[in-house]
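For reference, the structure is listed below as structure tokens.
The values are calculated or read from the model by the stated rules, or taken from the named source; none is laboratory data. Predicted, not measured: the structure shown is a model, and the values here were computed from it. All Cβ positions, glycine included, derive from the backbone under ideal geometry; neighbour counts span all protein chains shown.
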Amino acid sequence: MEFNEYQKSAKRTLFGSEQVLTNCALGLSSETGQVVDLVKRYTFQGADLDRETLTKEMGDVLWYLSQVAEWANIPFDEVAQKNIDRLNERYATTNPEQK
């Protein structure tokens, strides 16, 4: 699935018109905390890594992130591409296939 396609599909489930950015930013923080908590339990408490729950929580992070971009009228493909461009600059490699 393309990022812009995801962003458009995700927008169908966005409700409310007031304080949307604040709601999405707070939701992003909350869902990111749930991802961090799963990793913490795995890393420091000896819990099994629950890949199904991790995948679900990462999807929730993706949803909120896509809607912050939607609110700011930023195509999600652009977010992804600019991030890859920055990573390529920051971590230049001699293997062009890794770019």
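For region 57-87, the set of residues classified as of a type in the set (D, E, K, R) and either surrounded by 13 or more Cβ atoms within 10 Å (Cβ to Cβ) or assigned to a loop (DSSP other than H, G, I, E, B) (or both) consists of E57, D60, E70, D77, listed by residue number.
When Q7 is tested against the conditions (1) surrounded by 12 or more Cβ atoms within 10 Å (Cβ to Cβ); (2) farther than 13 Å from Y64 by Cα, the lone failure is (2). Of the set (1) touching a helix residue (DSSP H, G or I) at 6+ places or on another chain (Cβ under 7 Å); (2) exposed (fewer than 13 other Cβ atoms within 10 Å of the Cβ); (3) charged (D, E, K, R), all apply to K40 but (1). Could you check, for region 11-30, whether at least one of its residues is acidic (D, E) and at pLDDT below 95? Scanning region 11-30 turns up at least one residue that is acidic (D, E) and at pLDDT below 95. Checked against (1) surrounded by fewer than 14 Cβ atoms within 10 Å (Cβ to Cβ); (2) modelled with pLDDT of 95 or more; (3) within 22 Å of F3 (Cβ to Cβ), Q45 meets all criteria but (3). Within region 1-56, being closer than 21 Å to P75 by Cα, more than 13 Å from the chain's Cα centre (by Cα), free of Cβ contacts under 8 Å to residues at least 40 places away in the same chain and assigned to a helix (DSSP H, G or I) holds for E5, K8, S9, T22, N23, L26.
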